[in-house]
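Coordinate-derived values only; no laboratory data. Keep in mind the model is a prediction, meaning the values are calculated, not measured. Here the Cβ positions follow ideal geometry from the backbone for every residue, glycine too, while neighbour counts run over all protein chains shown.
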Amino acid sequence: MTKIAILGTGRVGTAIWKGIKKGSDQVKFGSRNPSQAKVEKGSEVIGLDEAAKWADVIVLAVPHKATEKVIKGAGEANFKNKVVIDVTNAINDRGELALGYSTSGAEEIQKLIPNARVVKAFNTVFAENMENGKINKNALTLFVASDDKKAKEMVMELGRTIGFRPVDAGPLKSARYLEPMGMLLINLGYGSSLGTKIGFLLVDEK
Ligand SMILES: NC(=O)c1ccc[n+]([C@@H]2O[C@H](COP(=O)([O-])OP(=O)(O)OC[C@H]3O[C@@H](n4cnc5c(N)ncnc54)[C@H](OP(=O)(O)O)[C@@H]3O)[C@@H](O)[C@H]2O)c1
């Protein structure tokens, strides 16, 4: 069974852990401070490097500004050939989009770990809706972007298992569009006071 390490024990890490946990016990948290991390009962928390070494798939559920430090803490070599799911939204300290047009947070992560198979996903979903991938009975659209076809299919399948409706959003470069979508979601949820029980649905003929 695929071993999944979630780096970051915050809201997103916890929600994705709950989603994965429904179908697999091969999931662990990687934390900067495993002994102090506040995590769900029954979860296993180990150090960043141990988690990255153990896993086949690594979820980066940390703040954008911390990604480089966390990757270095986990050891760049431990990411080699691994599927790395980037859920981050590239937001600066002013709460604005930190990157755009000619690059994205996901592409910058791929540059840091060129041998990893980076996939952008989950960033357009509020943490609250990540455990089931649904709001009421509506399966939320999970936009998944990567240059690695097999890695993308694997993450789409993971999303389907959680309860999302995955959509192939193209190459990793599409993160340039998905990250502003994440920002739009935040603005709708908080700026426009719609709350976090909202999400994106792509409608087609199927
Ligand atoms: N919240 C949402 O609804 C949502 C939705 C989509 C995407 N995102 C994105 O997902 C990522 C995680 O968001 P979150 O809401 O889970 O954040 P969070 O609750 O603040 O948790 C972030 C986790 O990252 C780890 N971390 C590592 N280095 C850190 C540092 N320098 N400062 C703070 N935390 C650090 C911490 O875990 P340890 O202490 O155990 O290492 C922390 O618990 C962000 O990039 C965010 O933009 C969030």
Taking the Cα atoms of segment 4-191, what is the range of coordinates along each of the three principal axes, in descending order and whole Å? 37, 36, 35
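Would you please name the GluC sites (Glu not before Pro) within segment 1-92 that are DSSP coil residues with at most 16 other C-beta atoms within 10 Å of their C-beta? Provide the component values of the computation, followed by the final result.
Values: sites: Glu40, Glu44, Glu50, Glu68, Glu76; in loops: Glu40, Glu44.
Of the GluC sites (Glu not before Pro), the ones in loops of segment 1-92 whose Cβ has at most 16 other Cβ atoms within 10 Å are Glu40, Glu44.
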Taking the chain as a Gaussian network, Cα atoms linked when under 10 Å apart, which of Asn78, Asn136, Asn33 shows the biggest mean-square fluctuation? Asn136
Which one of Asn132, Asn115, Asn89 has the biggest mean-square fluctuation once the chain is modelled by GNM with Cα springs under 10 Å? Asn115
Site Ser24, offset 7 angstrom along Cα→Cβ, radius 19 Å on amide nitrogen, limited to segment 59-78, gives 59-62, 78
Check each of the trypsin sites (Lys or Arg not before Pro) in segment 37-81 and keep only those in coil by DSSP with at most 11 other C-beta atoms within 10 angstrom; list them in order. Lys38, Lys41
What dipole magnitude, in Debye to the nearest 20, does segment 4-191 give about its Cα centre under +1 on Lys/Arg Cβ and -1 on Asp/Glu Cβ? 260
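How much mean residue ellipticity at 222 nm does the chain get from its helices, if each DSSP H run of length 4 or more adds -39500 (n - 2.57) and you divide by all residues, to the nearest 500 deg cm²/dmol?
Values: 6 runs with 60 residues, N = 206.
It comes out at -8500 deg cm²/dmol, rounded to the nearest 500.
Restricting to DSSP loop positions (anything but H, G, I, E, B) with no more than 11 other Cβ atoms inside 10 Å of their own Cβ, which trypsin sites (Lys or Arg not before Pro) remain in segment 137-174? Present the calculation step by step, with values, prior to reporting the outcome.
On the way: sites: Lys137, Lys149, Lys150, Lys152, Arg160, Lys173; in loops: Lys137.
Loop-located and lightly packed - Lys137.
First check a/c for segment 56-107, with a ≥ b ≥ c the square roots of the eigenvalues of its C-alpha gyration tensor; if it is under 1.5, answer rounded, and if not, answer prolate when a/b is larger than b/c or oblate otherwise. Walk me through the numbers on the way to the answer.
Values: a/c = 2.36, a/b = 1.81, b/c = 1.30.
Prolate shape, in that a/c is at least 1.5 and a/b is the bigger ratio.
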Which residue, Ser102, Ser43, Ser174, tops the fluctuation ranking in a GNM of the chain built on C-alpha contacts under 10 Å? Ser102
Cβ under 15 Å from Gly95's Cβ, Gly95 left aside: what net charge do those residues give with Lys, Arg +1 and Asp, Glu -1? -1
Of Lys173/Lys197; Lys18/Lys41; Lys137/Lys206, those spanning more than 21 Å from alpha-carbon to alpha-carbon: Lys173/Lys197
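Only bridges whose two residues both fall in the chain count here: according to DSSP, what percent of them are antiparallel, nearest 5? It would help to have the intermediate numbers written out before the result.
Working: 5 of 28 bridges.
Percentage antiparallel, nearest 5: 20.
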